[in-house]
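The block underneath contains the structure these notes are about, expressed in structure tokens.
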Amino acid sequence: MPADSPSPDRAHLWPPVLGRALAALAFGAVTVFWGQPTTTGAAWAVAGYLWLLLAAQAWLLRAERPAPDRASALTALVPYALAACSGIAIVTVQSVGLLAGGGAVALILVGLSDLARAVLARRGPASGVTPLGKDLGITGVVNLGAGILLPFFTGLGPHAILGVAGGGAIITGVLLAISALSLRHDSTAATRVA
């Protein structure tokens, strides 16, 4: 079966992918419409986003069929868990420097995880990794770029930090929403053909 053809395995993927997209778009909307965020508010917004990313990633791993092998699952989950721990640090010690630094580390971890999964996906369906390889490659680059840029905006305050993180979230949210809807359409078309 060609890699681009719809498969029943993809039918389980669209809800968690859409969940991650909605989390990213909600965070992006908060960053766009919040005019004067405080350090405390920005810390909670970033931390909440990181926790939602971990939940969406765990949901996606649970939905993948066949289940990813142990190495692939660890590559997918551990960086997201460390990013969520960074969220705990961000809300515990609320400072602009930690918001930028912790947010940068978290986004870099998420980006590296997505990039690693994209590379593993090139091995094909036998590797037991997600068919979202191309999308994860793009989200990985976007999150990695946002994470690298974040510390440069420390001096501009919480609004600028949220702007950089939220910009990356909006890009990944739109991409993943399109991906989720495509997966849903493909799985529905495959069901009708079968």
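The values are calculated or read from the model by the stated rules, or taken from the named source; none is laboratory data. Predicted model, so just to flag it, every value in this text is computed and none were measured. With ideal geometry, Cβ positions are generated from the backbone for all residues, glycine too; neighbour counts draw on all protein chains shown. When the accessible area is computed, the model is the full protein with side chains, heavy atoms only, and any ligands, DNA or RNA have been set aside. Shrake-Rupley method; radii C 1.70, N 1.55, O 1.52, S 1.80 Å.
Taking label points 7 Å from Cα along the Cα-to-Cβ direction, residue 181 and residue 33 give a separation of 2.0 nm.
What angle do you read, to the nearest 10 degrees and between 0 and 90, between the alpha-carbon axis of helix 39-63 and the longest principal axis of the chain? Helix 39-63 sits at roughly 10 degrees to that axis.
When mean projected area of the Cα convex hull in nm² is computed from the coordinates, the matching label among (1) 11.5; (2) 12.5; (3) 9.9 is (3). Heavy-atom accessible surface of region 39-78, averaged per residue, reaches 49 Å², computed with a 1.4 Å probe.
A 1.4 Å probe, protein heavy atoms only, puts the accessible area of residue 149 near 90 Å². Across region 160-167, computed HN-Hα scalar couplings (Karplus, 6.51 cos²θ - 1.76 cosθ + 1.60, θ = phi - 60°) run 5, 5, 5, x, 5, 5, x, x Hz from first to last residue, x flagging Gly and Pro. Solvent-accessible surface of protein heavy atoms, probed at 1.4 angstrom with all chains present, puts 185, 159 in the order 185, 159, largest first. Surface calculation, 1.4 Å probe, protein heavy atoms: residue 51 sits at approximately 90 Å² accessible. Based on Cα contacts under 8 Å between residues 6+ apart, region 12-92 shows a relative contact order of 42 percent. In the context of the full protein assembly, residue 138 retains an accessible surface of approximately 90 Å², using a probe radius of 1.4 Å and ignoring ligands and nucleic acids.
Whole-percent P(r), region 1-114, all Cα pairs, 5 Å bins from 0: 2, 12, 18, 20, 18, 11, 8, 5, 3, 1, 0. Expressed as a whole percent, the accessible surface of the chain that belongs to carbon and sulfur atoms is 72, based on a 1.4 Å probe. Taking Cα atoms only, the orientation of helix 70-92 departs from the longest principal axis of the chain by about 20 degrees.
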